[in-house]
Every structure is written in structure tokens, then in C-alpha cells.
Amino acid sequence: MSNPISNKLEFVNELINEGKFEEALQHIKDLEYKNNLNSEETFRTQIYKGMIYNYIGQREKTLKIAEHLYQKSQEIKMPLFSLSALALKLYAGLSSEEDNEVLEQYESIFKSIPREDSLEFQKEEAWMFATKGMRSFIKGDFDLALDYFHKSLMLFEQVNPHSLDIPGFFMTMAYCYLSKGELQLALEHAEKALLLIPKGEYHGLMVRKADIYRCMGNIYNQKGDLNKALEYFTTSLEIYEKVKEVQQPRFMGWIYYNIIDIFLSKSNLNQAQNFLQQFNQLNENNENWWDFAIYQLSHALILKSSSRIRDHAEAESILKKIIEENATHFVTNFALINLCDWYFEEFQISHQMEILDDINPHVDHLQKNARDQNSYWLLAHVKLLQAKLALIQINMLDARKLLTEAQQIADEHGLQLLAGEISKEHDHFLEELKLWETIKKTQVSVAERLKLASLDDVLERMQGRRAIEVPELSIEEPILLLIMDKSGVTYFNHSFIGDWDFDDLFSAFMSAFNSFSSEIFSKSIDRIKIGENTILINPIEPFLACYIIKGQSYPAQQKLTRFSEFIQTTTEIWDALNKAVNTSEMLELNKPPSLGSMVNEIFM
């Protein structure tokens, strides 16, 4: 590419980054008119033109350019421009299914290109990391998505530091942190995304701002600040209303749903109905089944809030129809959750156990969707809901296993806020264990079981009507740290309390250990309650790490997990343990030395 034209194209890129789209478009037209451009220069001008058309609201032109460039680049074997054309399609906004297909194409083509040091290759590599990030986000692997987005941003800082792609990446990262439950980081990334968008009333910039405000509304909704959430959702909706004549925003229906849900949570039925009416007007000239299904879901929410039996029956009918037609997995999941809620309300009134037969298939459906969609957030919630169902039916061991599985899923996928809440539920269950055993023997009323199982709270959390509260994590009181084997032989013990006789506690622990040993080593049970003490358990085959505490389990459990990982990855300790199996020689705090330093670092 000749220097003068290269410089002009770079200037066009700068104008786009500043949001000066009309000026950039005029420069492109001048380039096309006055210069005999080669293939590479022609491709670059067309890519910029497609970006501009999308930002000024002419999406169809963008898609037409993208498709033409993709076909042409494939014909003349210019794979880097094939990638640019696919990225342009993603700019224009596709359906979820189309997005997935384009992302797969992008990854496949990129893998086929030999690595080079050109600027164009680096730009596409930055986009490659971004596409991997988006795919990981869709699959629910939020930590991996964040890692890819960080790599993408590092490359963009070198090749195009003011790119308008960057605010979008920060917004998606905000959703990753939101999904993990790290609300402050989510808010920081959303605010940064908003700051990076240039001023202007162009369609593309307006939509991006509306998307970010929607993200911030979701963050505050999870924080439980409904007023702040409503403020951001309303702002987002106002912007969407301004741009919908050019192109119907993809998430406008969900904004209406969120606003209606908040007003219902605030017991403001009139406002909820007003927004439902607005939503209905939106759908009159909209053939998008997605938005119509969300409207039906919103309508069912309002009907469910009524005190009339007829309205409840209509809500049930609507929800069943949504589930049968399976418009999108998001809508179907919300319909399933609301239908379960409807049945639980009926169950609380009638206390008829056969109603559980209606609930269980829908919970199974949710579980299948969670697995099919790789939604770990939903899967952990389903496990928590199944645990509550097991408690109602006095299936104590099943309840313990399900609570453990729910927390393991949340922990493994970085859902810290949810993991902390599940741990709190698990602690509460163990504190009431004697009462549950009494219930099992005496068969007290179903109403009393419901009260103990806190089913209302679980369903409200799943629906987003009450945000998961950040657990007030207090520092636990450490008592004892153990490493033992399956037979109960101890190879290391360290007391955190001087001159403390733990014989009685240890005997009680061994009794519980013998009762639950198979469940412990299958990771179905991760804690045992003995009096005021909680014994946290982490299998590290063929050994078992145990941490005995007083206080909340979740922060202590995080420490035990770190300790277990350190044992497995530190050759000195692992070899010493295996040697102790043959020699019966106990490990000591400073024997080997790395053991003591790690105990102090993690637990002290």
C-alpha cells in the first residue's frame, strides 16, 4: 500500500474512532473517486465504509458490504480480509444462532493462516481473542472469557488503541463479572465502557450506550438497589425508543420485562401494567417472535400478581405455551422458573404433596437446559432448588449432596457471590439438622417444612426479584487442621488453640467420617457439623484434608481449597505424605519446611 493512501486510510480510522462518521465517509468517497486503488486498499475502504454505515443506522448496507467482501476475499484467497468481513457481520448484529456460526467461521479461518508480524495480522489476532472471549462467554466460562478479552485489549492498545470495539469488550467483561457475582468489578467495567464511547447522536453510538445502561441496570438489580436499576433500565429504554425506527434493538423486549418485574417487586401494579401496554404497542408492528414471547412472559408475571384464580390459570396457560414453543432458551428458562413458582404457591396453600409431581418435571427441564446451554449459574440454582425439594420430602442425604454439588459448580466457575449464598444455606441446614431429624421421625406439618426450607427465598433469587445478598463473611475461628487417609489414619494435625484436648471432637468426627466416608470421597459431602464446630472436608486422593472451625464455612472453605491445591502441587509435601504412609511418621508444622510456611500464609 502506498504511503499517501495508507496515511489517508489511517486518518479515516481515526475519524471513525472519534465518532466523526460523515466526515470519514466523505474521505472514503474522495479516495475511491481520485485514486486507482489496489485490491488491499479497496478492501480496507469497504471495511471502513461498512463500519460507518452500521454506526449511522444503515445496517443492511453493512451486511451487504460484509457479504460481498467475504465472497471476494475467499475467491482471491485473502483470508485476513475474510476475517475482517466476518467481523463486520458481527458489528451489524446478528441473531444468536448466526453469531455462533460466524464466530466458528472466524476461528476456523484464523487457524488456517500462517503467523506473521504484519499490522493486519495483529489486528485480526486481537479480534481472534475477542471472538474466543465471546464464545467462552456464551458457553458460560466467564474466567476464560475474561482472559481472552484481556489479551485482546492488550493487542488493541498496540494496533488501534482508540478502537470503538473496545467499549463493547469492556461491556461484555462487565457481564462476565456480573455473571460471576463480582458486582463492583462489573460496575467499574460498565462505567469504563460508557466513558470510552465518543459523543454523538449516531444510531450505533446510541445503541451502544443503551446496551451499557441496560448492563448497569442488571448490576444494580443484582445489588438489590431496585430504584437505581429502574433508573438505568428506563434510560436505556428511552434511548432504544429513539433509535427503534431505524433498527429494532435486540434487547428492547428484555428491558420492558426487567422494568415490569421491578414494578411488581415494588407492588406497583399500575406502573407494571402501563409498561406492559407500551410493550404491546411495540409488538404491533414487530414480527420478532423473541419480543412477542418476552411480552407473553411479562403478561404472565402481571397475571400471577393478581388475587383472582382466573388470572392465575391464564398465567399458567401462557407459561406452558411458551415452554412448549421453546422460542429461545432465555425465555423458556424464565417461563419454567415462573411456572415452578406458580406451583409452589399452590403447594403452600394446599400442602398437597402430589403437587411436587407437577414441579419435578419442570425442574428436570431446567436442569437439562442448564447442561445443554452450559449455564453454570442456572445449574447451580437448579441444584439448590432440588436440595430444597429433597428437604421437603425429608431426603436428608440427597439434600446434603445437592447443596455440595451446587456450591462445587459455583466455585469451579467463579460464581463467588452465588457460592457464598449456597454455603450459607448449607450452614443453616446443618445448624437445623437435629430439628430436621425430629421432623423426619414425627412427620410435622408440610407448612413447617416449607418454613425451614426457605423456598420462597430461593425462587425469588432465581427470578431476580430479590438480589442475592452478599454474605457478611466473618473470619472463622480456626481450631484444627488435619491430613488423613480413607481409613482414618492421621499423617498431619495442627491445633490453632494451645493446650487444647481435641480427643472428644476427633472421636465424634471419626464416627461421622465412618458414616459418610463414601460420600466424602465422592465429593458428595463437603462439611460435617458437630456441636458448635464445623468440619470442612476436601478429598485429595488418596488423602483427605480437614479444617475444623467455628463460624461461617465459605471463607474457611476457600482456604482449605488453597491448602489442598498446594499439597498436590508441592513435590516436597506430596513425597513426604507418601513416605509417611509407609513409615507411619507424622508430618510436623516445619517438617517439611514448606508445609509450615504455607499453613501460616493461608490460615494465619
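Nothing in this text is a laboratory measurement; each read-out follows from the coordinates by a stated rule. Since we're looking at a predicted model, the values are computed, not measured. Because the Cβ atoms are built from the backbone with ideal geometry, glycine has one as well, and the counts that use them run over all protein chains shown.
Around residue 27, under 12 Å between beta carbons, what's the net of Lys plus Arg minus Asp minus Glu among the other residues?
So the environment of residue 27 carries a net charge of -1.
Checking a compactness column here: for the range 1-120, what do you get for Rg(Cα) / (2.2 N^0.38 Å), N being the number of residues?
So the range 1-120 has a normalised radius of gyration of 1.06.
Pairing the Cα long axis of helix 553-569 with the longest principal axis of the chain, what angle in degrees results, from 0 to 90 and rounded to the nearest 10?
That works out to roughly 80 degrees.
Taking neighbour Cβ counts within 10 Å as the exposure measure, how do 396, 252, 353 sort from fewest upward? The partial results should precede the final answer.
Values: 396 16, 252 23, 353 11.
Final ranking by Cβ density, sparse to dense: 353, 396, 252.
How much net charge surrounds residue 6 when only other residues with a Cβ under 12 Å from its Cβ are counted (Lys, Arg +1; Asp, Glu -1)?
-2
If we count other beta carbons within 10 Å of each Cβ, what is the order of 425, 437, fewest first?
437, 425
For residue 210, what is the net charge nearby, where nearby means another residue's Cβ is under 11 Å from its Cβ and Lys, Arg count +1, Asp, Glu -1?
Net local charge, residue 210 excluded: +3.
Among [x] 42; [y] 68; [z] 55, which is the computed percent of Cα pairs over 33 Å apart?
[z]
If you place +1 on the Cβ of every Lys and Arg and -1 on the Cβ of every Asp and Glu, how big does the dipole about the Cα centre of the chain come out, in debye to the nearest 20?
Working: 60 positive and 88 negative charges, 178 e Å.
With Lys and Arg at +1 and Asp and Glu at -1, about 860 debye.
What is the packing order of peptides 103-113, 7-17, 31-41, taking the mean over residues of other C-beta atoms within 10 Å and listing the highest first?
Final packing ranking: 7-17, 103-113, 31-41.
How far is helix 226-243 tilted off the main Cα axis of the chain, in degrees rounded to 10, range 0 to 90?
Around 20 degrees separate the two axes.
For the Cα atoms of the chain, what angle does the longest principal axis make with the long axis of helix 396-412, in degrees from 0 to 90, nearest 10?
It works out to around 40 degrees.
With point charges of +1 on the Cβ of Lys and Arg and -1 on the Cβ of Asp and Glu, referenced to the Cα centre of the chain, which listed residue (213, 186, 42) lies farthest in the positive direction of the dipole?
Towards the positive end, the residue furthest out is 42.
Can you sort 307, 375 from fewest to most other Cβ atoms within 10 Å of each residue's own Cβ? Show your work: numbers first, answer last.
Working: 307 6, 375 22.
Starting with the residue having the fewest Cβ neighbours, the order is 307, 375.
For the range 532-604, go through all pairs of different Cα atoms, get the mean of 1/r, take its inverse, and jot down that Kirkwood value in Å.
For the range 532-604, inverting the mean 1/r across all distinct Cα pairs yields 12.9 Å.
What is the Cα radius of gyration of the range 65-117 over 2.2 N^0.38 Å, N being its residue count? Present the calculation step by step, with values, prior to reporting the outcome.
On the way: Rg = 11.0 Å, N = 53, 2.2 N^0.38 = 9.9 Å.
Working it through for the range 65-117, the quotient is 1.11.
Mind scanning 139/424; 64/192; 486/529 and naming the pairs with a C-alpha gap bigger than 24 Å?
Over 24 Å apart, Cα to Cα: 139/424; 64/192.
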